[in-house]
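Values in this text are rule-based calculations from the coordinates and carry no lab data. Treat the numbers as computed from the prediction; the structure is a model and nothing was measured. No Cβ is skipped: glycine too gets one built from the backbone with ideal geometry, and neighbour counts run over all protein chains shown.
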Amino acid sequence: MGQVTIYIDDDTEKKMTAAAKSMNVSKSKWITNLIKEEVANEWPQAVVELAGAWDEFPSLEEIRAGTGTDNQREPL
């Protein structure tokens, strides 16, 4: 297991300590959880649950309906 030393100002440390205490975890575990969230390669569950949440979002056909037609390309 790796070990990292960080230096933070007093105010930030107080906030970190309070946050870790409210979650009933050590400061090390609290920081580890933050790092894991930042480097995760998956969408958070809250974002995944938003899929399809916008009923009024236009369909692809509706979006493309007002684009007009393409011009004919010139031959090479």
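Things to note:
- Efficiency of FRET from Cβ geometry, residue 47 and residue 10, R₀ 35 Å, rounded to 0.05: 0.55
- Dividing the helix sum by the residues of the chain, where each DSSP H run of 4 or more adds -39500 (n - 2.57), gives a mean residue ellipticity at 222 nm of -13000 deg cm²/dmol.
- 0 to 90° range, to nearest 10: angle between helix 10-22 axis and the chain longest Cα axis: 90
- On Cα atoms only, tilt of 27-39 relative to the major axis of the chain in degrees: 10
- For the peptides 16-23, 57-64, the ranking by packing is 16-23, 57-64, with the highest mean count of neighbouring Cβ atoms within 10 Å listed first.
- Cα radius of gyration and Dmax for the chain (Å): 24.6, 71
- If the segment from residue 17 to residue 34 were pulled out straight at 0.36 nm per residue, it would be longer than the present Cα-Cα gap by 4.8 nm.
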